[in-house]
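I have placed the structure first, in the form of structure tokens, so that the comments after it can refer back to it.
FYI, it's all coordinate maths here, none of it is from the lab. Worth saying up front: this structure is predicted, and the values here are computed from it rather than measured. When we count neighbours, we look across all protein chains shown, and the Cβ atoms used for this are built from the backbone with ideal geometry, even at glycine.
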Amino acid sequence: MNRQAQAAVLFLLGAALLHAGFTNLYLRYVKAGLQPLLLLSGAVLIAASLATVWYEWRGRRKADDAVEHGHDAGDDHGDGHVHREPRVSWLLVLPLLALILVAPPALGSYSAMRTGTALQQPYGYNKLPTGDPLPLTVVDYATRAVYDHGRLIKGRPLDVTGFVALDGAGHPYLVRMALNCCAADAQPVKIALTGKIPPVLQPDKWLEVTGTYTARRTKDPVNNGPIPYLRVTEAKPVPVPKDPYDESWNN
Amino acid sequence: MAITKAAPPTADSPEPVATPPQGEPVDAKSADAKSVDARSADSKSLALIVLLLLLVVLQGPIRSALSVPVMQSWMTVFVAVLVQALPFLVLGVLLSAAIAVFVPASFFARALPKRPALAIPVAGMAGAVLPGCECASVPVAGALVRRGVTPAAALAFLLSAPAINPIVLTATAVAFPRNPEMVLARFVASLLVACVMGWLWQRLGRTDWLRPPERPHYEGQSKGAAFWGSVSHDVMHAGGFLVIGAMAAATLKAVAPAGWLRTAADNPLVAILALAVLAVLLSICSEADAFVAASLTQFSLTAKLAFLVVGPMIDLKLFAMQAGTFGRGFALRFAPATFVLAIAGAVLTGAVLL
């Protein structure tokens, strides 16, 4: 890989990071807190690419001057051109293509059903939000249902938003992936649905489910983790939220 | 010289391919000298054009192949690992360039004890000040070796830095609120293993195993040219290997079944080994691995400690990056030794502290 190609890859990589960082694209892959670092590194990569072009151009001009004045071009010239990065550097084009052309979606039902629910006993509960129906996150509902036995949410209409996942037998779940750092460590928290389930459910479609607490529970076949049920009264499709992951765990 | 700036942009649109490569006019003298060079570059750019045309023509089938859930999940994890690691890699690369250009070699000679046996623990402790994950430590360790730091000490730094810096230890404390001893155990075990690996390298290591990192000479260049030259070299180099590691980690996450972990948890010894192997395969950033370890509820604390000690020292993407920076011969010897010692260190520390 010669200097120009290097500068181009660096520039595009920096631009792709800036693009992902300025739009909400980056939230599909990493936690929100990484944004400043992401933008900074994008800027550094672009600066490095411009510097590469600038010093290349200057080195060449200096060498040309030297030739004109009858001096030996010397090592200085050779250095800038002969040095090449190994072929492995070309692999950096792959994430570029993936990020710019494909921009894969946030992890969905496929990963969710392959991984056990990550529900854990909390060390306390946040104050309940206000509203009727009561808006709860998937994680919040699942924790309160399993570890608090629905004490404060019993009998109240609840609003929970997540994406649909179906297990092997076709039972529907409402899932949200919880994330600590990046999608590689994302883990699902699942709620099983019962009651008035919409007749046609497509995996990965986001739903805002209105329903009530029920004491019924099941076990995740993958890791035996507890999965609470939610009795559905109404479900309506909603667009993918700005941040598809639940980041409440990584404070 | 035919692959000019036009090459990578063509990746996303076919237009630039059509325009002839517009490299700056090459003077006759160097054109003559580089005719062989130019020919190989010509064939390379031809291959690239063919590849891109194929990509455009086969867009439909490629798209549908990529929309299969396995592939989507693979790509998401692949992109996520890179987007997550690149900022830290850039941070490490900036630091490594600063060390290479602005810190005189004599500084390290003065800062580290003369005797290597003492320099190793000092360098290991110094790892505590590099705030970041393992991607940052590889280029910095490479820069230290080039700056004349004894390799054994640089390696101790390489191993300890990603595990014992304040950010990672804080994350560990947050992930294990009921077991604060986990933070101490992680710190002690990681530092212990890093120092033992350093001493081991000092006794048994041979310099010819360690390929001195190749790079252009920066002598005779201005500081700015040297600094940015080092930055772009390191990003391109380590970045390429990072891509290989990310691909491996994404493959594991998307393809391997999670069910086998449950059976492994039943036997305490198998459990430790299983989580150590998992740490290598998953290649999770050391700032996040504590949360993943905490979620593996069916495993013992010692097994989780093994996961936390092994992960930042050796995993697939680190192996690829180490092989790229220090040579394959080095990585093939260093990685297994690190793996075994890290498990031993974790078990030992676990027996005492947990």
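Assorted remarks:
- The phi torsions of the stretch B:195-201, fed into the Karplus equation with coefficients 6.51, -1.76 and 1.60 and a -60° offset, translate into couplings of 5, 4, 4, x, 5, 4, 5 Hz, rounded to whole numbers, with Gly and Pro shown as x.
- Under 5 Å between amide hydrogens, built in the peptide plane, is the criterion, and for A:Gly195 it picks out A:Val232 among residues at least 5 positions away or on other chains.
- Euclidean distance of C-alpha centroids, the stretch A:4-56 and the stretch B:237-256, integer Å: 20 Å
- The stretch A:92-145: trypsin sites (Lys or Arg not before Pro) falling in loop per DSSP and having at most 14 other Cβ within 10 Å: A:Lys127
- Note on the protein assembly as shown: antiparallel DSSP beta bridges, both residues inside, total approximately 75 percent of the bridges counted.
- By DSSP, the beta bridges lying fully in the stretch A:109-250 are antiparallel in about 75 percent of cases.
- Counting only Cβ charges, +1 for Lys and Arg and -1 for Asp and Glu, the dipole size of the protein assembly as shown around its Cα centre is about 1460 debye.
- Efficiency of FRET between B:Val270 and A:Thr218 - r from beta-carbon atoms, R0 25 angstrom, step 0.05: 0.30
- Pairs of lysines in chain A whose Cα atoms sit within less than 26 Å of one another amount to 21, provided the residues are eight or more positions apart or on different chains.
- Chymotrypsin sites (Phe, Trp or Tyr not before Pro) lying in DSSP loop within the stretch A:78-179, provided at most 12 other Cβ fall within 10 Å: A:Tyr123
- Nearest-20 debye value, the stretch B:74-353 charge dipole, Cβ charges on Lys, Arg, Asp, Glu: 520 debye
- Dipole of the stretch B:74-353 [Lys/Arg +1, Asp/Glu -1 at C-beta], most positive-end residue of B:Pro116, B:Val81, B:Val340: B:Pro116
- Pairwise label distance in nanometres, B:Val255 with B:Leu54, each label 7 Å out on the Cα-Cβ vector: 2.0 nm
- Cα-Cα P(r), the protein assembly as shown, percent of pairs per 10 Å interval: 3, 16, 24, 24, 17, 10, 4, 1, 0, 0
- Computed from the C-beta positions of B:Ala65 and B:Ala117, the FRET efficiency with R₀ = 35 Å rounds to 0.05.
- Computed [θ] at 222 nm, deg cm²/dmol, chain A (DSSP H ≥ 4; -39,500 (n - 2.57); rounded to nearest 500): -11000 deg cm²/dmol
- In sequence order, calculated HN-Hα J values of the stretch A:167-173 (Karplus, 6.51, -1.76, 1.60; Hz; x Gly/Pro): 7, x, 8, x, 5, x, 10
- Comparing B:Ile62, B:Leu275, B:Trp199 along the charge dipole axis of the protein assembly as shown, the residue lying farthest to the positive side is B:Leu275, per the Cβ-charge model.
- Here, the stretch A:100-251 has an Rg and a Dmax of 14.5, 48 Å when only alpha carbons are counted.
- Nonlocal amide H pairs with A:Ala235, under 5 Å, H built at 1.01 Å: A:Thr210
- The stretch B:88-142 and the stretch A:210-243 have their alpha-carbon centroids 49 Å apart.
- Computed about its Cα centre, the charge dipole of the stretch A:109-250 is approximately 460 debye, with only Lys, Arg, Asp and Glu carrying charge at their Cβ.
- Taking amide H as placed 1.01 Å from N in the peptide plane, the amide H of B:Ser286 sits under 5 Å from that of B:Glu134, each at least 5 places away or on another chain.
- Extended-chain gain in nm, criterion 0.36 nm per residue less alpha-carbon gap, B:Ser106 and B:Ala173: 20.3 nm
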